[in-house]
Every structure is written in C-alpha cells, then in structure tokens.
Amino acid sequence: MLKKKNIAMPGNGAAILADAIRQVAEPSRRAFLQRTLTLGGLSLLTGCSISDDSSVEQALGKVSQFNDKAQALIFDPNRLAPTYPDSMITRPFPFNAYYGVDEVRQVDGDAWRLELSGLIANRAPWSLAQLRHLPHSEQVTRHICVEGWSAIGKWGGVPFSYFLRRIGADLSAKYVGFKCADDYYTSIDMPTALHPQTLMALTYDGKTLPPEYGYPMKLRMPTKLGYKNPKHIQAIYVTNKYPGGYWEDQGYNWFGGS
C-alpha cells in the first residue's frame, strides 16, 4: 500500500479535483488517468512526472489517496441519502457484477452461515433464520454505478449498526471487511458501517433477496457507489489493518462515496 501524504493544492483546487474524480464514469483506471492528465497540471499537483508508467501509477495513487481523504473528511454519518416512493422503483432492477448473469452464485440458504472474525466480541456464526429475527428496516434508494448509470430499488433487512453492536464489534476500529461466495471482497470505513441507512439486505421489493441481487445477504449502502455494496456475503471482519477490495486493489477509489 502506498504511504499516504498530504497534498497541498492552491485555492479551491482540492474541491474541484475531488468533485471531478467522483463524476468520472469510466471504470478503467488508465482511461481515468488519461482524462485527468488532459486537464493539465496533475504533474504539478502530485510532484510526479507523467512520462513513464511508474510515474503514472505514482500519480494515480496520490490522486486516489487524496480523494479517499477528502471524501472521508466531508462524509456526514448522520446525513441521509434521498429516498423515493415505490412508484419510482426501476423495474426490472439491473443486474451488475464482474461476471454474467448466467454465472450468478447459487447459495444454499439453509446451510449458509455468516462467519465473523477480527475485533468482534461474539464471533459465533449466524444463520439466515437468526438474521431474519432481528429488527427489520426498508428503504427505497438509488444505486449509483461507477460506470455511469443508476437505478432505484427497494431493500429490506437488518440495520448494520444494530448488528455490529449486537455482536460486540469494536466501533472505534477503522475498517469493516467482507468476503463473498462469488470470491468478491471489499471493505468500508466504520462511520459508513454505522450510517443509519447501511443495511444487511435480506429482501428486495418485499420478497426474499433474489440470487442475482446477492442472496442470501448483501450490504446495501446508498452513500456508496455500487462496487462497494458486496453481494452473497459469507464473512464479516472488523480490523484496523487496511483490507483493500477486489476493484480497489486494481486501482479503484477505496472510499467510493456516491
């Protein structure tokens, strides 16, 4: 992991750059960097040459680190994302993953157990039936994809903040990580984990969560971009060590705020 450094930027350049990065729809980190460089001045902002691949990677790393820090600073753990009436639900809700819909993982819900590890007092695994007996909340919120599209869906499940407190998670820890049945993995910051709209989704549109949307359980966060919302979750862990993620380890922004 690259060491984080403070990056001084003149005037309101920091806000402008952070806003520009958040609005980039193209998920390719190389295309992202090329577009940024065409704006000029990135080499001045980062102190890196852009004449070779290693310097390009260094420049991209610094911009990504700056963006993570900026988003974390402005994130309000009490500010709610917009909600919508059922009449605005996108039907059908789009399927999206790093594989095709014909490759969706089929998980046996009866045999499934949610594994817990790390800075958690009670690490006993949870069954789907146990999760369904916990307090339930529903939300109609917008899913925003880094590829440039969005859709509104209705999710129901257990408030994640309630679950973390129930299992005795260390709420002062930095990160919560997730491992999934489809080999996907990602992680989020603790303030987002405790956000009132962060949900352990067990249903979609009033019915059992379909396999294509993450059965038996996914994490739904309207404050994060789509790739930060893991599906088919098998394990949750709490840690102070940076966990990374499937796309994040390939250069995507880690904070991933929407």
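The values are calculated or read from the model by the stated rules, or taken from the named source; none is laboratory data. Note that the coordinates shown come from a computational prediction; the quantities given were computed from them, not determined experimentally. For neighbour counting, all protein chains shown are included, and Cβ atoms are generated from backbone atoms with ideal geometry for every residue, glycine included.
One residue stands out in region 227-244 among those that are touching a Phe, Trp or Tyr at 6+ places or on another chain (Cβ under 6 Å) and not in a strand (DSSP E or B): the one that is farthest from V107 (Cα to Cα), namely P243.
Could you pull out the residue among R132, R142, R123 that is in the same structural domain as T208 (by TED's automatic domain parsing) and more than 23 Å from D205 (Cβ to Cβ)? So the residue among R132, R142, R123 that is in the same structural domain as T208 (by TED's automatic domain parsing) and more than 23 Å from D205 (Cβ to Cβ) is R123. Reported count of residues in region 125-153, each being of a type outside the set (S, T, Y), closer than 27 Å to K174 by Cα and in contact with a strand residue (DSSP E or B) (Cβ under 7 Å, 6 or more places away or on another chain), is 11.
Is there a residue in region 86-99 that is of a type in the set (D, E) and over 20 Å from C180 (Cα atoms)? Looking through region 86-99, at least one residue is of a type in the set (D, E) and over 20 Å from C180 (Cα atoms).
In summary, no strands (runs of 3 or more DSSP E) completely within region 108-226 bear 1 or more residues that are aromatic (F, W, Y) and without any contact (Cβ under 8 Å) to a residue 40 or more places away in the chain.
Return yes or no: is I152 under 18 Å from R165 (Cβ atoms), buried (at least 17 other Cβ atoms within 10 Å of the Cβ), out of contact with any Cys (no Cβ under 6 Å at 6 or more places or on another chain) and modelled with pLDDT of 95 or more? Here the answer is no, as I152 does not meet what is asked.
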